[in-house]
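Chemist: Got a structure for you, written out below as structure tokens; questions coming shortly.
Nothing in this text is a laboratory measurement; each read-out follows from the coordinates by a stated rule. Fair warning: this is a prediction, and the values are worked out from it, not measured in the lab. Cβ atoms come from the backbone with ideal geometry, glycine included; neighbour counts cover every protein chain shown.
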Amino acid sequence: MLLALSLLTLGVVLRQVDRAWFAVGRPPATNAGELLAHQRARANNTTPTLLLLGQWTQILGWWLLAAEGPLGALVAVFGVAVQFRHLQEVSHFAVHGILARTPRANHVLAETFVHHPMALGPARTRRIRHVREHHPNATVTGVDPNLTELEQAGLRPGIPVGRLVLALLHPLTPAGTKTTARTLRDNLLGHGAPGRVGAVLALLVAAHLAGGWPAVICGVLVPRLLLYPQLAWLSLFVEHTWFDPEIRTGPPAWTEAGRCLRLYPRNPALALLALGTWLPYGDLYHYAHSAHPGMRWNYLRAYEQTLDEPHFLPNGLVLGPASVLRRHRNALTRLPSS
């Protein structure tokens, strides 16, 4: 137990090195130019590596905790799911080319620490899908791959209320788990298959060596197959007003303000919880990220303060008349079904 707690603490400390490095001399709320100049000046390949090592150090701590009994395994299954979600978001910034200093370092860090062990597809393919296809075309039917993913889960005009709630939990449903399994199969059998399969096998062996079968089941399989996909799905759900954006033309910030939302703007407690769990590393500030995709997460909060508010500021995910779920439901109800 002591070793597990020590590794969890060490992982947190390693992650703070990157945070502290980019915080030194960081200007307060200011324009994008100043923030990007600071970002370029602090860019390096070392602190991002320590950040990713810290994430995996924490996962190792959760594996050890999983071996401590049923309660430890129960806590570990959620702890690892959160770490997987964090790894996905860190690699998202690598895909944008702003995690580390060089393009090669961004690619190597994403593949080595995230895409290979988590059985995600190639980082270059993700870059095409996310940077080139999603960002310029967010919320555009038939063009935005993220919107297509939501539609394939049943989020279409005329959807019944009960089906909408199931769609919110899509990765936990039989259809959702089938989609996850099919995606994992395609990723493992696709480009660079031997290396990806080997990385996943190495991950399973490492988990077993650290915490036995409880670590394999609660520290890899359940988080990767069920809980992490659910956290990532909730993140996707709150990125945009997918079904009723305000179509705008003009500067990027003005355009994005019409199709983005900002969750928990007046609830610091829930915002902090989201940042620590399912909306990490700047994902809570998705509006600011959409307005300037080339900005690292360390600067998004400061940049957001210089922007006009987006057209939707929900203070809840599911509950309340102004929640994200309610808005999506109302938008889908108003749209004509095909």
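Chemist: Magnitude of the Cβ-charge dipole of the chain, K/R +1 and D/E -1, about the Cα centre, nearest 20 debye?
Modeler: Values: 30 positive and 18 negative charges, 57 e Å.
In total the dipole reaches around 280 debye.
Chemist: Expressed as a whole number of Å, what is the distance separating the alpha-carbon centroids of the range 42-110 and the range 301-315?
Modeler: 28 Å
Chemist: Can I ask one more? Whole-Hz ³J(HN,Hα) for each residue in the range 8-20, computed from phi via Karplus 6.51 cos²θ - 1.76 cosθ + 1.60 with θ = phi - 60°, x for glycine and proline: what do you get?
Modeler: Couplings: 4, 5, 4, x, 4, 4, 4, 5, 6, 4, 5, 4, 5 Hz.
Chemist: May I pose another question? Using modelled backbone amide H atoms (1.01 Å from N, in-plane), which distant-in-sequence or interchain residues come within less than 5 Å of F312's amide H?
Modeler: Sorted by chain and number, the residues that satisfy this are R262.
Chemist: Would you mind checking which residues have amide H under 5 Å from N44's amide H? H placed 1.01 Å from N; only 5 or more apart, or other chain.
Modeler: R101
Chemist: Among A23, A175, L236, which residue has its Cα furthest toward the positive end of the charge dipole of the chain, with +1 on Lys/Arg Cβ and -1 on Asp/Glu Cβ?
Modeler: A175
Chemist: Highest mean first, what order results for 211-220, 5-14 on Cβ atoms within 10 Å?
Modeler: Details: 211-220: 23.0, 5-14: 16.0.
With the highest mean Cβ count within 10 Å placed first, the list reads 211-220, 5-14.
Chemist: Counting only helical runs of four or more DSSP H residues, what would the 222 nm mean residue ellipticity of the chain come to if each run contributes -39,500 (n - 2.57) and the total is spread over all its residues? Don't skip to the answer; put the middle values down first.
Modeler: On the way: 16 runs with 196 residues, N = 338.
Taken over the chain, the calculation gives -18000 deg cm²/dmol.
Chemist: Given 0.36 nm per residue, what is the gain on full extension from E309 to L74 after removing their alpha carbon distance, in nm?
Modeler: On the way: separation 235, 0.36 × 235 = 84.60 nm, distance 3.95 nm.
The E309-L74 span can extend by a further 80.6 nm.
Chemist: May I pose another question? If exposed means no more than 15 neighbouring beta carbons inside 10 Å and the site is in a DSSP loop, what's the longest run of the chain without any exposed GluC sites (Glu not before Pro)? Could you put the intermediate results ahead of the total?
Modeler: Working: sites that count: E68, E246.
With a cap of 15 other Cβ atoms within 10 Å, the longest stretch comes to 69-245.
Chemist: Hey, what did the chain get for relative contact order, percent, Cα under 8 Å, at least 6 apart? Don't skip to the answer; put the middle values down first.
Modeler: Details: 507 pairs, mean separation 69.6, N = 338.
Relative contact order, the chain: 21 percent.
Chemist: Oh, and also: Placing +1 on the Cβ of each Lys and Arg and -1 on the Cβ of each Asp and Glu in the range 2-245, which of V200, V143, A215 has its Cα farthest towards the positive end of the resulting dipole?
Modeler: V200
Chemist: Among R126, R85, rank each residue by its count of other Cβ atoms within 10 Å, from fewest to most, as a rough exposure measure. Walk me through the numbers on the way to the answer.
Modeler: Numbers: R126 18, R85 25.
So the ranking, lowest neighbour count to highest, is R126, R85.
Chemist: Another one. Once the Cβ-Cβ distance between E246 and V12 is put in as r, and R0 is 45 Å, what FRET efficiency do you end up with, to the nearest 0.05? Numbers along the way, then the final one.
Modeler: Working: r = 40 Å, r/R0 = 0.89.
Rounded to the nearest 0.05, the efficiency is 0.65.
Chemist: Based on other C-beta atoms within 10 Å, arrange D283, D308, D244 from fewest to most.
Modeler: Values: D283 24, D308 10, D244 17.
In order of increasing Cβ crowding within 10 Å: D308, D244, D283.
Chemist: Could I ask something else about it? Please check which bits of the range 101-145 a label hung off L53 would reach, taking the label as a point 7 Å along Cα-to-C-beta and the cut-off as backbone N under 15 Å.
Modeler: What the label zone holds, given the 15 Å backbone N cut-off, is 109, 113.
Chemist: Under 15 Å from a label point 7 Å along Cα→Cβ of R334: give me every residue in the range 198-242 with its amide N that close.
Modeler: Inside the label zone: 241-242.
Chemist: What are the ³J(HN,Hα) couplings of the range 102-113, residue after residue, when phi is run through the Karplus curve with 6.51, -1.76, 1.60 and θ = phi - 60°? Round to Hz, x for glycine and proline.
Modeler: Karplus values, whole Hz, x for Gly and Pro: 10, x, 5, 5, 4, 5, 5, 5, 5, 5, 6, 9.
Chemist: Further question on the same structure: I need the trypsin sites (Lys or Arg not before Pro) found in the range 229-300, filtered to DSSP loop residues with at most 15 other beta carbons within 10 Å of theirs.
Modeler: Details: sites: R248, R259, R262, R266, R296; in loops: R248, R259, R262, R266, R296.
Filter output for the range 229-300: R248, R266.
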